[in-house]
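Step one of this worksheet: look at the structure below.
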Amino acid sequence: MASGRSIQLDKQTGEYLVAHELARRGFLVARVSRNVPDFDIIAAAANGNSLPIQVNTIRGRQWQLSADKFFDIRFKGEKQILGSKVVPRIPHVLCILALATEYGTDRSYILEWKELRDIAVSCYSAWLGAKDGVTPRNYKSLHCSVSPNQLAEFENQWVKIAERV
């Protein structure tokens, strides 16, 4: 199990990898306080427009997420009942999911928050459906995950940032 220190190192690694790539592409980048829940960095273009970006980083196989960030969930006994999709609090947040492996082989997946939400909802719904709505071990668990294979079409889509600012 990852320690608090290793989690923070992964988070910093991903944010700096993304900031580095954005700077190479002509954007000014500011990291924000850890108290901001919806985004980690802001990219600013030469024209003054800016874009909030959420960065999630892994070193392994899957990004670990919480299903209730993407859609409403209620319980009927131990069974999870999936409700409507969550509307983002900040409508234009872009997500960059970083896969920080060995030096020089890092990968980035760039997608709209709504696109990530739809992938997570689809995966979780299918998985939960196969379990008759009850998660194994702990029925209250809202854990879901997304793998790089599920995001292949979004790899290196840095153009999305230039289009947005």
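The values are calculated or read from the model by the stated rules, or taken from the named source; none is laboratory data. Computed from a prediction, not measured in an experiment: that's the story for all the values here. Cβ sites come from the backbone with ideal geometry, for glycine too, and all protein chains shown count toward neighbours.
How about the range 64-93: which of its residues are under 14 Å from Gln54 (Cβ atoms) and in contact with a Leu (Cβ under 6 Å, 6 or more places away or on another chain)?
Within the range 64-93, Ser66 is the sole residue that qualifies.
How many residues are closer than 16 Å to Cys144 by Cα and exposed (fewer than 12 other Cβ atoms within 10 Å of the Cβ) if we restrict to the range 82-102? Even if it seems obvious, please write down each step before you answer.
Taking the range 82-102 first, the residues closer than 16 Å to Cys144 by Cα are 82-83, 85-86, 97.
Checking which are exposed (fewer than 12 other Cβ atoms within 10 Å of the Cβ) leaves us with 83.
Counting residues in the range 82-102 that are closer than 16 Å to Cys144 by Cα and exposed (fewer than 12 other Cβ atoms within 10 Å of the Cβ) gives 1.
Need the failing condition index for Ala46 against (1) closer than 24 Å to Glu155 by Cβ; (2) surrounded by fewer than 17 Cβ atoms within 10 Å (Cβ to Cβ), just the number.
Looking at each condition in turn, Ala46 falls short on (1).
Rundown of residues vs (1) under 30 Å from Lys140 (Cα atoms); (2) out of contact with any Ser or Thr (no Cβ under 9 Å at 6 or more places or on another chain); (3) of a type in the set (Asp, Glu), yes/no style:
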{"position": "Arg24", "(1), (2), (3)": "no, yes, no"}
{"position": "Arg31", "(1), (2), (3)": "no, yes, no"}
{"position": "Trp63", "(1), (2), (3)": "yes, no, no"}
{"position": "Asp68", "(1), (2), (3)": "yes, yes, yes"}
{"position": "Phe75", "(1), (2), (3)": "yes, yes, no"}
{"position": "Lys85", "(1), (2), (3)": "yes, yes, no"}
{"position": "Val93", "(1), (2), (3)": "yes, yes, no"}
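Within the range 105-127, can one find any residue that is modelled with pLDDT under 95 and either touching a Ser or Thr at 6+ places or on another chain (Cβ under 7 Å) or on the phi > 0 side of the Ramachandran plot (or both)?
no
Taking interchain pairs and intrachain pairs at least six residues apart, which have beta carbon atoms under 7 angstrom, with the first residue in the range 126-145 and farther than 14 Å from Ile73 by Cβ and the second among the polar types (S, T, N, Q) and modelled with pLDDT of 90 or more?
The qualifying pairs are Ser145/Gln62; Ser145/Gln64.
Report, by residue number, each residue of the range 63-90 that is free of Cβ contacts under 8 Å to residues at least 60 places away in the same chain, touching a helix residue (DSSP H, G or I) at 6+ places or on another chain (Cβ under 7 Å) and aliphatic (A, V, I, L, M).
Leu82, Val86
Consider the range 18-66. How many of its residues are assigned to a strand (DSSP E or B) and among the polar types (S, T, N, Q)? Please lay out each step first, then the result.
First pass over the range 18-66, keeping only residues assigned to a strand (DSSP E or B): 28-31, 41-44, 50-58, 63-66.
Imposing the further condition that a residue be among the polar types (S, T, N, Q) reduces the set to 50, 54, 56-57, 64, 66.
Qualifying residue count, the range 18-66: 6.
Restricting to the range 128-155, name every residue that is exposed (fewer than 12 other Cβ atoms within 10 Å of the Cβ) and either basic (Lys, Arg) or at pLDDT 95 or above (or both).
The answer is Arg137, Lys140, Ala152, Glu153.
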